[in-house]
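As structure tokens, the structure follows; a few thoughts come after it.
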Number of protein chains: 4
Amino acid sequence: MSEVKVGIINITGYIGMEIARLLRQHPGVKLTSITGRGAVGKQVSEVLPHLDDFDLTIKAELDQVDFAFSALPHGESATTVVGMLERGIKVVDVSADFRLKDAAEFQRWYELTHPAPQYLEEAAYGLVELNRGKIASARLVANPGCFPTGAILALAPAVREGLIEPDIIVDSKSGVSGAGRTLSLTTHYAEANENVSAYAFEGHRHLPEIVQELQQMAPEPALSVTFLPHLVPMTRGIFTSCYAKLREGKIAGGEGGREKISKLYRDFYGGEAFVKVVAAPPQTKQTRGSNRCLIYPTIDLRTGRLIVISCLDNLVKGGAGQAIQNMNLMLGFSEETGLEGLAVYP
Amino acid sequence: MSEVKVGIINITGYIGMEIARLLRQHPGVKLTSITGRGAVGKQVSEVLPHLDDFDLTIKAELDQVDFAFSALPHGESATTVVGMLERGIKVVDVSADFRLKDAAEFQRWYELTHPAPQYLEEAAYGLVELNRGKIASARLVANPGCFPTGAILALAPAVREGLIEPDIIVDSKSGVSGAGRTLSLTTHYAEANENVSAYAFEGHRHLPEIVQELQQMAPEPALSVTFLPHLVPMTRGIFTSCYAKLREGKIAGGEGGREKISKLYRDFYGGEAFVKVVAAPPQTKQTRGSNRCLIYPTIDLRTGRLIVISCLDNLVKGGAGQAIQNMNLMLGFSEETGLEGLAVYP
Amino acid sequence: MSEVKVGIINITGYIGMEIARLLRQHPGVKLTSITGRGAVGKQVSEVLPHLDDFDLTIKAELDQVDFAFSALPHGESATTVVGMLERGIKVVDVSADFRLKDAAEFQRWYELTHPAPQYLEEAAYGLVELNRGKIASARLVANPGCFPTGAILALAPAVREGLIEPDIIVDSKSGVSGAGRTLSLTTHYAEANENVSAYAFEGHRHLPEIVQELQQMAPEPALSVTFLPHLVPMTRGIFTSCYAKLREGKIAGGEGGREKISKLYRDFYGGEAFVKVVAAPPQTKQTRGSNRCLIYPTIDLRTGRLIVISCLDNLVKGGAGQAIQNMNLMLGFSEETGLEGLAVYP
Amino acid sequence: MSEVKVGIINITGYIGMEIARLLRQHPGVKLTSITGRGAVGKQVSEVLPHLDDFDLTIKAELDQVDFAFSALPHGESATTVVGMLERGIKVVDVSADFRLKDAAEFQRWYELTHPAPQYLEEAAYGLVELNRGKIASARLVANPGCFPTGAILALAPAVREGLIEPDIIVDSKSGVSGAGRTLSLTTHYAEANENVSAYAFEGHRHLPEIVQELQQMAPEPALSVTFLPHLVPMTRGIFTSCYAKLREGKIAGGEGGREKISKLYRDFYGGEAFVKVVAAPPQTKQTRGSNRCLIYPTIDLRTGRLIVISCLDNLVKGGAGQAIQNMNLMLGFSEETGLEGLAVYP
């Protein structure tokens, strides 16, 4: 295959620049065009020195490319993406614009009328491990949110197999880069450092995404998910702790149940390159910079409750890496191409 | 009152040294004697330079004092504490040795035969806001664990009033100083930094403490608590997120329910100097270095679930500060004496 | 003395809020009025929850007070300060407006015409340990910059005694709160965390302050100071490393020289409550939250070069604490009043 | 070329495990054997989960390999290395054992009689950019220390060209992983976090290495180097600030001098893949995880002093990456093979 020309729309955000880093190692594509708000006309090396291997100028619009990543903010992305599609360019949209299937639901959560609802049905939800078929043939993929990636991967086997009661608690701990590069007091160093906080008590925009994907795996009963995201003082990483009661008669609560649940998870994700069911409790550091999601299902023996932990790097499996994984599927590359990097530990 | 002579057994741990820091500001007592494993014979200024205002030599045993804090590890503390009591010295024991009322339960969790079970009944559990009467007249107070302090204070109003179902999730995020000063790979900087992990999946020793104290407030029904502690990369602070279903017919799930629950919590802790029910989500940084526990109860409107957040500094309200608060009660000082310091923010 | 009414102009910055925290422990004064840009009309507890002990509303202008701290940015502060002076109110100005004695020098470094040059001569430079007399009788004190506090205290004994050659390197490492609370990409968490950088290669505004104060102690020869500030990923603390050649014939370079220089420093700062010459290399953590500056002079035996280290908390001895130390002198309180807090370690 | 079998001696230290991470991306070699103290008999995935792609058992001794990295501590490494050499295996020794050319100097600094002084002359000092020829033909390469890599690269152009006076200050700021994986109170999280300290005031073992390499570039005059390492609270990265007076008549001190010095540095390192002379002040974060050393030379216009900054990742260019760069040269691979990874930013 001759080299595919790829563009990144809005390289100056954390996901955009991380896509560039990872593409550098991809043998089948070449990053040939980039845009970036507020930096038009500058060399990428000037704005993002760690990317100075790329001899590229930041432009207002992409040059002709074969494939594009849009890393624009939600609301802005949809219109740009549609323009690309109409010119025959396949797109992975990193924003939230095409994740929710229901335009009304989008409006409720994002307080915007959806700019292109006619594409919602077509857009594939880009959680590869659960949606490989549709992604492979899609021209538009909605890259999942960072929290949903960790939460859905952690819960999918249990939900699909009907192992748990519908009452689910998802308690996530995220590094600060998840809040993006836009300045705010919350992400001001002296405020975020040596601090833990929780936010979005009224409901986080990633909640409907989690529910949409899990519910379609098991339409009954209706899930009742509480999702509370926390901010912890580190740059990268999401640690998600999920809690739910085991349904009676499905899995026993004892040591044997633990083995059973672990095997069930291993079978579910058997053969996956980027989702690993681990035998010991994982840590976010084991995923730093890599496209891995580590999952640890276990049972609280005293209460018979299922606990599932997932760890990932919010900018890689929770963002740029997953975007490239989607691109690989869409373009017919092996899914792992360019994503072989191991975690940068410690 | 003439100045009370106070001693600290094992000043070289984090709780021990923090007691010294706080005592410095106490007008009614004077730190006159200290011990510390591995540093006997040294000046405190040499071993702990930030305490060089104290002109004290670290000894193998305490000199004659009127009151003592034991900051020895569990198992070791009990015997030393009993020796103090027998000499007529009141003690706050910071270790876990006298927290659990049941010697068999102690043995199960700590894998030790209790060295002084005859004192278990007498020892007061030192969570002042819930046990003020017994503490005031006690000669031995078991200072609560750092996690139980946050969890029990967060849940006590809801449990006592019977507002919630017995299925409770307690998800705590702790700074690394909570693991103490003993070296381990887990607390090695390069491992703990930029990392989140969970531990004690088999049950943390603070769990029986949480259950013991909550259950006695509401003997029925039996509580089913899952407690999962997490390690986050900061030095001080515990952020605890509690989740439980509201019992039907007690509190409505809507906005009105939120106000009701907040009022109920404010009433419960009305007049407390160190437990504040706050109107906006709190952060651990707001408690750094202070004896405050901040509590934020709310309702997840979508699921009708109660969420209660608590924040505290594990070394102060979760350790040394609470120990001094107990001492104040035991010696007849105003509870706030020496504990007036505001949070060191940012 | 009846209680003195004190005001803080711009409490919403880090120095302003830290002054409030420390005043809380001061028995002789009472914080009665506060202003804060962008938060006028709000309760302090709403904007700065850790200060909720103060039942104060943030106003546009101070009410009648006996003493004021101005924590406005440079350029803005001078005019406000002059207004206070004219109403007979003594002021400690935390901004840079009255630090440099020469209006032209101010203009060169701050690119502003000085709004009140007639007060430059009168204003006392508020480094108490070196300027106690003038401060005690001043009605306007210019609180030193955080870097100059550490650098001048480290070098003053050597410069005054003529021990070193005029070629001096000052390499400072500052926590991020030193950059204030105004948002910037440099202080965005994900950028500042896990990162070290240097800045102000064209000359930092604290350089002329350092030179002004040191040079007046020893007019000859002209000092040639290179000052390079670095940003390190922590919230509070400045670690300053100073390097200079020992002048021949003054102090021998060997072990004996080390003892001599240490004694000379100890004598210089003998009796000071807040400047401690230490016998072992200090760490910023030993000063966190306290008004201490720790100084460690030594000699590089191989090269015969003097090395002096100083550590302080930029928001306390390098800011709010020093401001209160100045107020104490100006109002006739004991210098240590309200500043007794030990370092919050770890 | 058929795949080269490579072994790592002591993979359980930070440099050892980082070599494994980087080798994973190397198309020409295969990691086939590993040893690790205290973990013999275990699978690498069990001990180092982020390396679970390697299906290798940790052994007491290496199996037959074509090339080896020794990541043993100094003193222990030499004997093992000699054994490898005698079996015809080329080695990069990451320890300090073969860095100093003079056995007496080794003894002075490391307080050990050198176990194999007969190899000191033969061993090539593995700073590729300055010693490429000797390394390419060596069978034993001594991988430079992390601090010397940054300091020597920063100063080499100035020293070789005789631009500076012999009085040189090297002030380095290192992340905590530089202290290795062995537990100590200094690297205990709660002690190292939110803290800056300096150490090795009696002389750091990397000092003679710096002097040895710089002095041989310009035998006269004798250099007088003060090197002070500092510990800053981050995991990876070294930021080195070098200060020296420009020699008269060589480079003018003004803006023109700056351009001249920058050009001279760019010419010196022209064509280097891993040493970049940058036009704006660099930051350690720009090198995280990559094999880059960024160098920024400038002139303090007020004093006419040269300032040179260097940034690198102590575990990559200051350790594992440089070791692989050396291996590439020794085995005839392109120097960049396997080292193409860009910095993981932020």
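The values are calculated or read from the model by the stated rules, or taken from the named source; none is laboratory data. Every value quoted in this text rests on a predicted model; they were computed, and no experiment measured them. Positions of Cβ are generated from backbone atoms using ideal geometry, with glycine treated the same way; all protein chains shown enter the neighbour counts.
Could you count how many residues in the range B:171-182 are of a type in the set (Gly, Ala, Ser) and within 7 Å of another protein chain (Cβ to nearest Cβ)? Steps first, answer last, please.
Going residue by residue through the range B:171-182, those that are of a type in the set (Gly, Ala, Ser) are B:172, B:174-175, B:177-180.
Right, trim to within 7 Å of another protein chain (Cβ to nearest Cβ) and you get B:177.
Adding up the residues that qualify gives 1.
Can you spot a residue in the range D:319-339 that is of a type in the set (Asp, Glu), closer than 30 Å to residue C:203 by Cβ, at pLDDT 95 or above and surrounded by fewer than 24 Cβ atoms within 10 Å (Cβ to Cβ)?
Filtering the range D:319-339 for residues of a type in the set (Asp, Glu) gives D:335-336.
With closer than 30 Å to residue C:203 by Cβ added as a condition, the list becomes none.
No; the residues of the range D:319-339 include none that is of a type in the set (Asp, Glu), closer than 30 Å to residue C:203 by Cβ, at pLDDT 95 or above and surrounded by fewer than 24 Cβ atoms within 10 Å (Cβ to Cβ).
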Revision key, fill the gap. In the range C:41-64, residues that are assigned to a strand (DSSP E or B) and crowded, with 22+ Cβ neighbours inside 10 Å total 1
Practice item. Residue by residue through the range A:269-284, note down the ones that are in contact with a Lys or Arg (Cβ under 9 Å, 6 or more places away or on another chain), under 18 Å from residue A:329 (Cβ atoms) and not aliphatic (A, V, I, L, M). Key: A:269, A:274
**Study point:** Subset of the range D:204-263 (residues that are small (Gly, Ala, Ser) and touching a helix residue (DSSP H, G or I) at 6+ places or on another chain (Cβ under 8 Å))
**Key:** D:218, D:222, D:237, D:244, D:252
Review point. Among the numbered criteria (1) within 14 Å of another protein chain (Cβ to nearest Cβ); (2) surrounded by fewer than 23 Cβ atoms within 10 Å (Cβ to Cβ), which single criterion is violated by residue C:168?
Key: (2)
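Which of the residues spanning the range D:21-45 are more than 22 Å from residue D:332 (Cβ to Cβ) and either modelled with pLDDT under 95 or touching a helix residue (DSSP H, G or I) at 6+ places or on another chain (Cβ under 8 Å) (or both)?
To start, the set of residues in the range D:21-45 that are more than 22 Å from residue D:332 (Cβ to Cβ) comprises D:21, D:34-45.
Within the range D:21-45, D:21, D:34, D:36, D:37, D:38, D:39, D:44, D:45 meet the criteria.
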Practice item. Take residue A:38 and decide whether it is more than 14 Å from every other protein chain (Cβ to nearest Cβ), without any contact (Cβ under 8 Å) to a residue 40 or more places away in the chain and outside any strand (DSSP E or B). Key: no
Point to revise | Test: residue A:131 is closer than 30 Å to residue A:297 by Cβ, crowded, with 17+ Cβ neighbours inside 10 Å and over 13 Å from the mean Cα position of the chain (by Cα) | key: yes
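Per-residue answers, yes or no, for (1) crowded, with 17+ Cβ neighbours inside 10 Å; (2) charged (D, E, K, R); (3) touching an Asp or Glu at 6+ places or on another chain (Cβ under 8 Å); (4) on the phi > 0 side of the Ramachandran plot:
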{"site": "A:80", "(1), (2), (3), (4)": "yes, no, no, no"}
{"site": "A:96", "(1), (2), (3), (4)": "yes, no, yes, no"}
{"site": "A:103", "(1), (2), (3), (4)": "no, no, no, no"}
{"site": "A:125", "(1), (2), (3), (4)": "yes, no, yes, no"}
{"site": "A:135", "(1), (2), (3), (4)": "yes, no, no, no"}
Check your understanding: If you take the residues in the range D:289-316 that are at the interface with another protein chain (Cβ under 7 Å from one of its Cβ atoms) and at negative phi, which one is nearest to the chain's Cα centre (by Cα)?
Key -> D:309
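Across the range B:9-35, which residue is farthest from residue B:56 (Cα to Cα) among those that are away from every other protein chain (no Cβ under 14 Å) and surrounded by 22 or more Cβ atoms within 10 Å (Cβ to Cβ)? Even if it seems obvious, please write down each step before you answer.
We begin by selecting, within the range B:9-35, every residue away from every other protein chain (no Cβ under 14 Å); these are B:9-10, B:28-30, B:32-35.
Subsequent filtering for residues that are surrounded by 22 or more Cβ atoms within 10 Å (Cβ to Cβ) retains B:9-10, B:29, B:34-35.
Working: B:9: 13, B:10: 13, B:29: 15, B:34: 7, B:35: 10 Å.
Step by step, filter the range B:9-35, then rank; the result is B:29.
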Exercise for review: Residues being closer than 15 Å to residue B:295 by Cα and of a type in the set (Ser, Thr, Tyr): count how many of those fall in the range B:127-169.
Suggested key: 1
Check your understanding: Would a scan of the range D:254-276 turn up a residue that is in a strand (DSSP E or B) and surrounded by 18 or more Cβ atoms within 10 Å (Cβ to Cβ)?
Key -> yes
Practice item. Can you confirm whether the range B:269-278 contains a residue that is modelled with pLDDT of 95 or more, at the interface with another protein chain (Cβ under 7 Å from one of its Cβ atoms), farther than 20 Å from residue B:204 by Cα and within 16 Å of the chain's Cα centre (by Cα)? Key: no
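Each row is one residue, and each column tells you yes or no for (1) within 21 Å of the chain's Cα centre (by Cα); (2) hydrophobic (A, V, I, L, M, F, W, C); (3) facing chain C (nearest Cβ under 9 Å).
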{"position": "D:236", "(1), (2), (3)": "yes, no, yes"}
{"position": "D:252", "(1), (2), (3)": "no, yes, no"}
{"position": "D:255", "(1), (2), (3)": "no, no, no"}
{"position": "D:259", "(1), (2), (3)": "no, no, no"}
Study note, to complete from the structure: Residue pairs qualifying under the 8 Å Cβ cut-off, at least six apart or on distinct chains, with the first in the range A:183-204 being at the interface with chain B (Cβ under 9 Å from one of its Cβ atoms) and the second being part of a strand (DSSP E or B) and of a type in the set (Gly, Ala, Ser), are A:198/B:241
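Restricting to the range C:232-248, name every residue that is outside any loop (DSSP other than H, G, I, E, B), among the hydrophobic types (A, V, I, L, M, F, W, C) and surrounded by 23 or more Cβ atoms within 10 Å (Cβ to Cβ). Reasoning before the result, please.
First, pick out the residues of the range C:232-248 that are outside any loop (DSSP other than H, G, I, E, B): C:238-246.
Filter again for among the hydrophobic types (A, V, I, L, M, F, W, C), leaving C:238-239, C:242, C:244, C:246.
Within the range C:232-248, C:238, C:239, C:242, C:244 meet the criteria.
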Revision key, fill the gap. From the option list A:208, A:166, A:229, A:221, single residue qualifying as touching a residue at least 24 places away in the same chain (Cβ under 8 Å), closer than 30 Å to residue C:344 by Cα and not hydrophobic (A, V, I, L, M, F, W, C) is A:229
Practice item. Sort out which residues of the range A:152-165 are away from every other protein chain (no Cβ under 14 Å) and closer than 14 Å to residue A:306 by Cβ, and write them in order of number. Key: A:155, A:156, A:157, A:158, A:159, A:160, A:161, A:162, A:163
